[in-house]
Every structure is written in structure tokens, then in C-alpha cells.
Amino acid sequence: MPIIIEQLSHTYLPGSQLAYPALGDVSLTVQDGEFLGIIGHTGSGKSTLIQHLNGLLLPTVGSVLVDGLDTREKKLRKQIRSLVGMVFQYPEYQLFEETVERDVAFGPKNMGLSEEEVAPRVEEALRLVGLNPSEFSEKSPFELSGGEKRRAALAGILAMRPKYLVLDEPMAGLDPLGRREILALIESLRLDYGTGIVMVSHSMDDVAMFADRIAVLDKGSLFMVGSPEDVFSHSAELLDMGLNLPQATQLVRALRERGIEIQKDYFRMEELALDLIGRWNHDR
Amino acid sequence: MTANISLGQYLPGDSVVHRLDPRTKIFLMAIYIAIVFVVKSLLVFLLPVLLLVAIFLFARVPASYFFSALKPMKWLLVFMFVINLFATQGSTVWFEWKFIHITQEAVEQAVYITLRLVLLVAGTSILTLTTSPIALTDGLEKLMSPLRKLRFPAHELAMMMTIALRFIPTLMEETDRIQKAQMARGADFESGNIFQRAKSMIPVLVPLFVSAFRRADELAMAMESRCYHGGEGRTRMRELRFHARDLISSLLLTSILIGIILLEKLPL
Amino acid sequence: MTPNALIEIVNVGFQYIGAEKVALKNISLSIQKGEVVAIVGHNGSGKSTLCKMLNALLLPAEGYVTVEGMDTCDEKNLLEIRRRVGMVFQNPDNQLVTTIVEEDVGFGPENLGIKPSEIRTRVNEALQEVEMTEYAEKASHALSGGQKQRVAIAGLLAMQPEVLVLDEATAMLDPRGREEVLSTVRKLNRERGMTVVMITQFMEEALGADRVFVLSEGRLVMEGTPREVFNERTLLEESRLDAPAFVKLRDELIAAGLPVSHEAMTCDTLADELVRALQAQTENN
């Protein structure tokens with residue numbers, strides 16, 4: 001069953017002078033096991049939207065159903081939060097326990113699992129993120145390196161075995177290799193565990209590379225949702241919203257401006273490379 | 001959403017009251033408080049009431065701020081009124097029922113006390129409404145600076161206040177963020193008895209402290225990089241200078257105080 | 001020793017107390033007046049440590065660092081060095097000291113004991129330079145990340161520095177904020193000849209530099225123009241780094257036989273090259 005967002009609006013501080021409408025009339029479905037990218041300029045309502053997916057924020061108007069469970073029902077909230085794992089920006093800032101093991105166990109314990117059930121989950125989660133349990137379990141989370149902290153925090157979410165994983169800029173602040181490692185981890189969660197992924201990112205290249213569908217938010221409304229191909233064929237509108245384009249799409253635009261006809265709206269470098277090499281060989 | 005917090009109650013403006021030197025305003029506040037306490041008879045009470053109205057008008061602060069300043073105090077006001085009404089002894093009994101006596105003296109006393117509180121709260125709120133926290137900090141630093149000879153850390157205290165004002169909204173946002181991150185991991189801050197709730201705050205407080213220390217460290221580095229080396233040899237962009245209006249308002253309020261003292265001495 | 005060097009780093013080594021590995025080992029490099037230098041490296045490569053050596057926030061355990069000939073280890077040079085070397089840090093929230101934007105910009109000059117009227121002029125000019133004049137009286141914490149970093153830059157400009165050092169100053173910004181900061185810095189370099197040292201993880205940012213230094217595991221492993229450095233693909237990957245996407249595409253095209261110049265490293269230059277190559281070929285046919 002999917003996450004169904006229906007005609008969702010959210011206003012902060014409703015009824016006060018500071019009332020601020022952050023989202024208006026957004027309808028969107030997150031399918032089982034899909035990779036949904038969310039893009040939008042800062043202030044477009046992305047983080048407001050994702051906080052609705054596990055009931056951290058509640059709709060002012062409309063509804064959010066997670067596998068049929070309404071986030072407005074208080075008694076369902078715990079269940080919803082274990083279905084939808086949420087990784088905020090810089091998740092390493094939420095680490096608090098004395099050991100990595102205990103920190104990763106925090107989520108599963110809150111779900112009411114017994115010690116015997118928690119232990120294998122912790123070990124599995126640490127392995128998934130590439131932290132060897134025998135080496136890291138007993139370490140303090142505060143003595144890890146930046147990249148290790150990030151992965152330990154991720155393990156804390158994965159140990160809850162969420163069916164959906166929502167990530168807000170999960171690669172922010174990492175070096176190129178660190179970014180690739182996190183992306184590979186997310187991709188393997190989807191392929192090996194069928195986890196549905198919702199990823200907010202400013203990196204159009206990452207979104208273009210991995211997302212099945214992309215939702216574009218602009219000033220609190222859903223501008224469009226579609227395949228990367230659909231979305232990046234609207235490059236002029238995206239630029240108007242202050243968004244970037246994938247680098248392949250940028251080059252396609254630059255070539256078109258210079259009079260070279262390229263039919264397809266490429267968004268992946270490899271495909272564009274093949275096209276260009278094909279042209280060269282063909283012309284010869 | 002927290003944009004207003006850092007400015008406290010400050011209501012930016014360009015009125016005479018806004019433009020007074022913060023040191024003057026702190027001095028005027030002291031005189032005003034003295035006036036409110038010196039007044040004893042009902043008729044003379046009109047003077048500070050009129051004075052307050054005049055200050056609100058001069059400061060161009062809408063009357064709604066008068067009420068919002070009193071709002072958090074409303075139960076205290078009611079409480080003080082009731083206590084004084086029933087507890088004050090007197091000879092002229094106005095009302096009597098079983099063990100309850102209400103005397104003329106009690107009614108007067110209750111009105112005075114409540115009115116005094118209202119005047120104090122509304123009057124002091126004018127100070128924070130018309131003076132930015134920065135100006136207030138500067139004013140306090142200057143007023144306290146003679147104490148530096150006694151090794152009183154006037155500059156350091158003012159700098160601490162400045163930094164606190166700057167970081168309160170940042171840390172509030174951070175608290176909210178961490179709280180949400182832990183709620184997403186199933187943390188529950190709402191149920192259980194007070195001890196359980198206090199314990200449930202650990203996952204928020206530990207990261208908050210860690211982050212506050214990290215911020216402090218980075219800020220210290222940024223300040224050092226910008227040549228901060230304590231108050232020694234430091235100048236200020238905004239110089240505090242007394243103007244004619246500072247002198248006039250101080251003289252005016254002081255004469256009102258003296259006038260009221262004399263009025264109260266006169267047999268009316 | 002290089003003549004006219006603004007900053008001279010000679011055989012510098014450093015190790016944090018209690019750390020197992022050395023943070024920096026035998027680093028030598030010099031930065032000339034008016035140039036834009038990028039220092040790139042993976043997380044933990046020592047680039048931030050090196051950066052903090054430039055204004056005496058850290059002092060070298062071995063070797064020495066000089067700024068306009070002044071040794072950073074000499075305490076009496078401290079304020080002079082820090083005035084000359086303006087430093088923008090990574091977290092926009094942790095370097096603004098006061099609530100109001102213009103007060104913050106005035107913080108540095110106040111510390112230098114400059115007279116009030118002069119501070120006022122400098123603050124106004126600095127805010128204008130970073131295009132933040134209209135925010136002068138706003139609360140600094142409510143600004144966007146890019147705006148905060150621009151205010152931080154204004155705070156340094158008001159101290160009239162010789163060099164701006166950006167210690168991963170764009171790492172926490174969104175693309176628009178990053179562009180705001182970069183274009184501000186580029187403008188300062190172009191129009192005022194400001195020397196710029198950028199420490200960054202974004203290889204694209206290093207493309208605009210005159211020279212690039214690559215740090216890995218505390219060592220200086222490469223130095224050269226962007227073109228030279230980004231041509232060493234294997235060395236880059238060994239240093240946990242990655243060439244910019246257009247450089248990788250260019251290499252792929254060259255490998256497939258397209259006559260594209262190695263100078264092409266950005267979207268526009270690569271597009272120009274491709275147009276030239278493809279059109280030349282059609283004409284030949």
C-alpha cells in the first residue's frame with residue numbers, strides 16, 4: 001500500500017498575525033518501493049511536505065494516509081513513524097547515547113521491541129551502512145569521523161526497518177566519495193529490501209540519476225510530478241523557479257543555443273555522451 | 001517564524017522616545033518607578049496615569065500593546081486585588097456577610113496596589129518596546145563602565161548579552177529540529193509522569209548541548225579571526241550621545257517626581 | 001621563497017593533541033597577491049587545519065607561516081595578521097556575533113579601535129559591496145544562508161583585508177546561496193584585485209581558480225592550474241576526489257576520437273568545442 005497525500009495544505013501559526021501558508025493543495029502518492037525525488041527552491045515547502053509523511057506535522061486541510069493509516073489519528077502515530085523512517089539534514093546532530101550500539105537501538109526500543117529483537121536489528125543496520133559492528137558498537141558516537149557519524153545516524157533509522165525512507169539532503173557536506181557511498185547505500189536499500197525512497201535534494205544530477213519520478217515544488221504548490229524525462233524537458237520553467245538543471249541537460253541547452261539540434265532532453269551524462277559520439281561517427 | 005524573538009518586544013520606530021539615549025531611558029524608568037511608588041492619594045494617582053498615556057502617545061505605541069503587556073500579568077493582578085480587598089483591616093465597613101468584611105480602606109488599598117502594578121508593568125514595557133536589545137545592552141554597558149575600576153566585567157557581561165540575544169532564536173530552531181528528529185525515531189515527549197518526561201528529554205538535551213558547545217567553539221574562532229581581544233581599545237560604531245531631548249525629558253520627569261512628593265506632603 | 005608572496009607556508013607540519021594521525025605533513029606553498037587559489041581535499045584531508053594556519057588560529061608545530069613577511073608564531077603580529085587575512089567559515093549561523101546586520105559588519109572595525117564615523121562609512125561601503133544594503137537593519141538570523149555568508153564577507157571587508165579565505169564557506173548552502181557567495185567573491189577579485197583562497201569539496205568551484213592545490217591525508221599531493229590538476233584523474237580518485245562532470249565527459253569524447261580541446265572544462269567551453277568539431281566535420285563532408 002502507498003502513502004497517499006490528498007489535497008494537503010499546511011499553514012504555520014494559523015489564525016495569528018504571523019500565519020504563514022507553506023503548502024497549498026498538494027496531492028501526491030508515494031508508491032511502494034519507488035524512488036521519488038523532491039526538488040524545489042529553498043522555501044518552496046519541501047521540508048513542510050516531508051514532515052507530513054510521518055505525522056510530525058499535521059495537515060491544516062486535506063489528509064495523509066500511510067498504508068491506509070491516517071496521520072491525524074494520535075494512536076496510529078507510533079506505527080506510522082516506524083513505517084516511515086525520516087532522515088533529516090545533518091542527522092549526525094541527533095546522536096546522543098554513550099555508544100553507537102545504544103544510539104542505533106533507540107528507535108527499535110521506542111517501538112516496544114524486546115532486547116532479543118533489537119540486537120540483531122542493530123547489527124544488521126550497522127552492517128548496512130558499512131560500520132563493522134565489532135569495531136564500532138562500543139565506540140562513543142562522538143568520537144567518530146564526520147562521515148561515520150552520518151552513517152551511524154542513518155543506521156539508527158534503518159534499525160527500525162522502515163518500509164519507506166524519507167531523506168532530506170542526505171549527502172550535504174560530504175566529499176565526493178562520501179556522497180557516492182551514501183547514494184549506493186540508498187540504492188541498495190531499494191533493490192535488496194524494496195524500501196520506498198523519498199529524497200529531497202538540491203543536486204539535480206543525483207535526482208536525475210536515481211529517481212523513478214520527481215515532484216517539483218514551487219512556492220508551496222506542486223508544479224508537476226513525472227519521470228525525470230518529463231520534468232527536465234521543462235528546463236525553462238525550472239530555471240525560472242531558481243532551480244538548477246542536471247549537467248547533461250545544461251549541455252543540451254548550451255548546444256541547442258549554438259544551433260545543434262538535439263531531439264532528446266537528456267538528463268544523464270552517459271546517454272548524452274553516447275548521442276554525441278554517435279553523431280560524430282555517423283557524420284564520418 | 002522566530003524572526004521576532006531576537007528583537008524581543010522591540011517595536012522599531014522613530015519617535016522622540018525611540019530616539020532618547022538608552023541611558024536616559026534607564027534613568028527615566030527609575031524616576032518613573034519612584035513616582036509610581038511615591039503616589040499615595042487617589043487624586044494624585046491621576047498624574048502618573050496621565051504621564052503613562054502621554055508616554056504612549058509620544059512613543060506612538062498603539063494602545064493594544066498596553067493590553068498585551070498586561071496580559072501575562074492578569075492573574076497576578078486579580079490575585080493582588082482580591083487579597084488586598086479581603087485582608088486589609090479598616091474601620092469604615094461597606095459590606096459584611098458572615099466572616100467577610102469589606103471596608104473602604106480595603107477597597108482603596110486594593111485599587112492602589114493594582115493600579116500601581118498596572119502602571120509599573122505598562123511603563124517598563126515602554127522601555128523594551130522603544131529600545132532595541134542592542135541599544136539597551138550598550139546603555140547598560142556604559143552605565144556599568146565606572147564599575148570596571150572595581151574589576152566589574154561590564155564589557156564581558158554586555159558581550160554575553162549580545163551573543164545570547166543573537167543565539168536564542170538559533171538554538172530554539174535547533175531544539176525544534178532535534179526534537180522532531182527524535183520523534184521520528186519514536187521518542188515520546190508527551191506521555192508519562194514528570195520524571196519520565198524529564199528523562200525523555202535526554203535525547204534532545206544531549207545533542208543540543210553538544211551543538212551549543214560546537215557553536216560556541218566556532219563562534220569564538222570567528223570572533224578571534226575578526227580581531228576580537230576583549231573590551232580593551234575597542235570602539236563602537238554607534239556612539240551614545242546625550243542630546244537636548246535627553247536633558248529636557250530628565251528634568252521634566254524629575255520635576256514631576258519632586259512635584260508629586262510636595263503634593264503628597266500638602267494637606268489636601 | 002617567492003618574491004611578492006602574500007602568504008608563505010614553509011614545511012608546515014601539525015598534529016592535534018591526542019590524535020593518532022598527523023593532520024599536516026611537510027606542506028609548502030605560497031599565495032601571491034591578487035590570485036585565486038583553491039585548496040581541495042577529502043573530508044579529513046587537513047585542508048581546514050591548513051586554513052586555520054593562515055590567520056594564526058592554529059600555529060604550525062613544524063615549519064612556519066608568514067603573512068606579508070610576518071611570522072604567525074609571533075604574538076605581536078597577531079592582530080595585524082588577522083586584519084589582513086579575512087576568514088569566512090562553513091556554518092553561516094556560527095560566525096555572526098550580533099543580532100542586527102550592520103552591527104555585525106561593524107564588529108571587526110570596532111575591535112580594531114577605529115573611530116565611529118569611519119566605521120559607519122566602512123560598514124555602508126561593505127554592505128554595498130555585497131549587495132546587502134537593504135538588510136542593514138534586519139535581524140541577521142532570519143536571513144538565508146547565502147545572505148548570512150555575504151554579511152560575513154562584508155564584516156571582513158570592513159576590516160580592509162588583503163586576502164579572503166573561504167573555509168568551505170559554501171558547503172552548507174543551497175545552489176542559489178552558493179552562487180551568491182561565489183559571484184560576490186569573484187567580483188571582489190576582479191574589481192578590487194582581492195586575493196582569494198577557497199577551501200572546497202566542490203570540484204566545480206575550483207575550476208575558476210588560478211591555481212589548485214590538492215591535499216590528501218595531510219599531504220600536498222598535487223598543485224597546478226585547474227586544467228593540469230583535473231587531467232590527473234587517477235591521482236584525483238586516489239585522493240577520494242572526482243573530476244568535474246564536464247571534464248569526465250570531455251575525456252570520454254576525446255577517447256572516442258572527437259577533436260575536443262583539453263581546455264574545455266565547463267558547460268560553455270565544452271559546448272563551443274563540440275560545435276566547432278561537429279560543424280568542421282559537416283563542412284568536410
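We did not get these values from a lab; they are worked out from the coordinates using the rules stated. Here the structure is a predicted model, which means the values were calculated and not measured. So basically every Cβ, Gly included, is an ideal-geometry build from the backbone, and we count neighbours across all protein chains shown.
Here are a few things to note about the model shown:
- Taking every alpha-carbon pair under 8 Å whose residues sit at least 6 apart, chain A reaches a relative contact order of 22 percent.
- Sorted by Cβ neighbour density within 10 Å, fewest at the top, the residues B:88, B:162, C:99: B:88, B:162, C:99
- Residues whose amide H falls under 5 Å from that of residue C:63, counting only those 5 or more places apart or on a different chain, are C:13, with hydrogens built in the peptide plane.
- Built amide H within the under 5 Å cut-off of residue C:166, gap 5+: C:88, C:197, C:198, C:199
- Rounded to 5, the percent of DSSP beta bridges in the protein assembly as shown classed as antiparallel: 55
- Mean-square fluctuations from a GNM of chain B, with a 10 angstrom spring cutoff on Cα atoms, peak among B:192, B:230, B:90 at B:192.
- Summary value for region C:244-285: 35 percent relative contact order, contacts being C-alpha pairs under 8 angstrom separated by 6+ residues.
- Net +/- balance of residues flanking residue C:68 in space, Cβ distance below 14 Å, scoring K and R +1, D and E -1: -1
- Within the shell of other residues whose beta carbon sits under 13 angstrom from the beta carbon of residue B:138, the net charge comes to +2, with Lys and Arg scored +1 and Asp and Glu -1.
- Inter-chain neighbour count for C:248-261: the average number of beta-carbon atoms from partner chains within 10 Å of each residue's beta-carbon is 3.
- Counting neighbouring beta carbons within 10 Å and listing from fewest to most, the residues A:188, C:48 come out as A:188, C:48.
- Once the Cβ-Cβ distance of residue B:53 and residue B:98 is raised to the sixth power relative to R0 = 56 Å, the FRET efficiency obtained is 0.85.
- Only Lys, Arg (+1) and Asp, Glu (-1) charged, at Cβ; region C:5-243 dipole about Cα centre in debye: 100
- Aspartates and glutamates whose Cα lies under 20 Å from that of residue C:25, excluding same-chain neighbours fewer than 8 positions away: C:8, C:62, C:71, C:167, C:217, C:223, C:238
- For the residue pairs B:74/B:142; C:33/C:138; A:149/C:47; B:25/C:76, alpha carbon separations beyond 30 Å are given by B:74/B:142; C:33/C:138; B:25/C:76.
- Percentage of interatomic Cα-Cα distances in chain C larger than 26 Å: 48
- Net charge dipole size for the protein assembly as shown [Lys, Arg +1 and Asp, Glu -1 on Cβ; Debye, nearest 20]: 3360
- Straight-line cross-link reach from residue B:265 at under 25 Å between alpha-carbon atoms covers these lysines, not counting any fewer than eight positions away in the same chain: B:40.
- Farthest toward the positive end of the dipole of the protein assembly as shown, out of B:34, B:229, B:169, is the Cα of B:34, where the dipole comes from beta carbon charges about the Cα centre.
- Per-residue Cβ neighbour rank within 10 angstrom, fewest leading, C:47, A:109, B:199: B:199, A:109, C:47
- Antiparallel bridge percentage (DSSP; both residues within chain A; nearest 5): 50
- Antiparallel bridges, percent of DSSP beta bridges restricted to region A:118-227 (to nearest 5): 50
- Sparsely packed loop sites in region B:182-233 (the GluC sites (Glu not before Pro) outside DSSP H, G, I, E and B with at most 12 other Cβ atoms within 10 Å) comprise B:190, B:232.
- Phi-derived couplings, Karplus 6.51 cos²θ - 1.76 cosθ + 1.60 at θ = phi - 60°, listed residue by residue for region B:59-66: 7, 6, 9, x, 4, 4, 5, 4 Hz, with x used for Gly and Pro.
- Note on residue A:264: aspartates and glutamates with a C-alpha under 14 Å away, same-chain residues under 8 apart excluded, are A:229, A:230, A:275.
- Spherically averaged projected area in nm², based on the convex hull that wraps the Cα atoms of the protein assembly as shown: 45.1
- Backbone geometry of region B:145-162 corresponds, through the Karplus equation with coefficients 6.51, -1.76 and 1.60 at θ = phi - 60°, to 3J(HN,Hα) couplings of 4, x, 6, 4, 4, 8, 6, 7, x, 5, 5, 4, 4, 5, 5, 5, 4, 4 Hz, x marking Gly and Pro.
- Net charge contributed by nearby residues that have their C-beta within less than 14 Å of residue B:47 (K/R +1, D/E -1): +1
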